[in-house]
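Worksheet: one structure, shown below.
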Amino acid sequence: MSSAPAVDPVPGAWAEYLAAARQLDGVRRDAATAAGEQARTVQAARDELAAVRTRLAAQQAQLRELGVPPISLVPTPPELSEATRSMSGGPGLVLTALRQARRWAQAVDDTLAARGLSRVAHWSPRPRNLLVYGPLGLFVPLLLVALHLATGTGPVTIGALVLALPAPAVAFGVGWLAVGRLFPPQPGTRVDRTPRFGALTCLIPAVVATAGIVLSMLAA
């Protein structure tokens, strides 16, 4: 009577080894991904914290200048305890809390902004700066047109055209300074004065008005 052939245990053991190696590699990859995401979250939280601290320091100085008592600018123990509890769930919750704090600080900036320009100050640079460059660029051209309509073709209009030649440069310079005064930058940032856009805004009305007056004079 023949005996049954022996089963080689090597293929089965090798297959189990490969399965375990694949499982361990998957665990290692998941752990590396989680560690990388946590590191990015921690770095983002640190950057957010630095930005919030800078903004709060500027606001604190401004509030002190307005006469707010220093003790009112310090968080109370219950507020500190509540903040600690809200950020005890790991870097993700800390980052969320810091972003919320940045939004609150932004709202405070809006409240503290002077001359009623708080909302305008947070527009994109071109529409915001147009409110400054536009009126300055239109002032002299509209004045020339009104003068031409009032006096007609004559030495007064010609003299006004000559005197108005540097007006676009003057308007741009005044606008460049005004943008910096009306829309002060946040701590650590610079004001975007959009110089090319501002120069064109001041130049185009002057060119159009001058060309129209010259053509009207030639036609007359």
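Can you say whether G152 is at pLDDT below 85 and surrounded by fewer than 12 Cβ atoms within 10 Å (Cβ to Cβ), as far as the supplied structure shows? First the steps, then the outcome.
Numbers: at pLDDT below 85: yes; surrounded by fewer than 12 Cβ atoms within 10 Å (Cβ to Cβ): no.
Criteria not met by G152.
Which residue is farthest from Q38 (Cα to Cα), if the candidates are limited to the range 103-119 and must be surrounded by 16 or more Cβ atoms within 10 Å (Cβ to Cβ) and at pLDDT 65 or above?
D109
Quick test for you: out of T54, T33, T84, pick the one residue that is at pLDDT 80 or above, part of a helix (DSSP H, G or I) and open to solvent by 50 Å² or more (accessible area, probe 1.4 Å). Working first, answer last.
On the way: T33 fails: at pLDDT 80 or above; T84 fails: at pLDDT 80 or above.
The match here is T54.
Considering (1) farther than 30 Å from A58 by Cα; (2) touching a residue at least 24 places away in the same chain (Cβ under 8 Å); (3) open to solvent by 60 Å² or more (accessible area, probe 1.4 Å), say which one R196 fails and leave the rest.
That leaves (2) as the condition not met.
Only one of (1) in contact (Cβ under 8 Å) with a residue 60 or more places away in the chain; (2) open to solvent by less than 60 Å² (accessible area, probe 1.4 Å); (3) among the β-branched types (V, I, T) is not met by V208, so which one is it?
Of everything listed in (1) in contact (Cβ under 8 Å) with a residue 60 or more places away in the chain; (2) open to solvent by less than 60 Å² (accessible area, probe 1.4 Å); (3) among the β-branched types (V, I, T), V208 misses just condition (2).
When you go through V132, V191, V179, V174 one by one, which is the residue that is in contact with a helix residue (DSSP H, G or I) (Cβ under 9 Å, 6 or more places away or on another chain), closer than 30 Å to A61 by Cα and in a loop (DSSP other than H, G, I, E, B)? Show your work before the answer.
On the way: V132 fails: in a loop (DSSP other than H, G, I, E, B); V179 fails: in a loop (DSSP other than H, G, I, E, B); V174 fails: in a loop (DSSP other than H, G, I, E, B).
After applying the criteria, what remains is V191.
Among the residues of the range 59-77, is there at least one that is modelled with pLDDT of 80 or more and surrounded by 12 or more Cβ atoms within 10 Å (Cβ to Cβ)?
no
Return yes or no: is T41 part of a helix (DSSP H, G or I), open to solvent by less than 60 Å² (accessible area, probe 1.4 Å) and touching a Gly at 6+ places or on another chain (Cβ under 7 Å)?
yes
The values are calculated or read from the model by the stated rules, or taken from the named source; none is laboratory data. Just so it is clear, the structure is predicted and the values come from calculations on it, not from any experiment. As a convention, Cβ positions derive from the backbone with ideal geometry for all residues, glycine included, and neighbour counts pool all protein chains shown. Ligands, DNA and RNA are stripped out before the accessible areas are found, and what is left, the full protein with its side chains, is counted by its heavy atoms. Shrake-Rupley method; radii C 1.70, N 1.55, O 1.52, S 1.80 Å.
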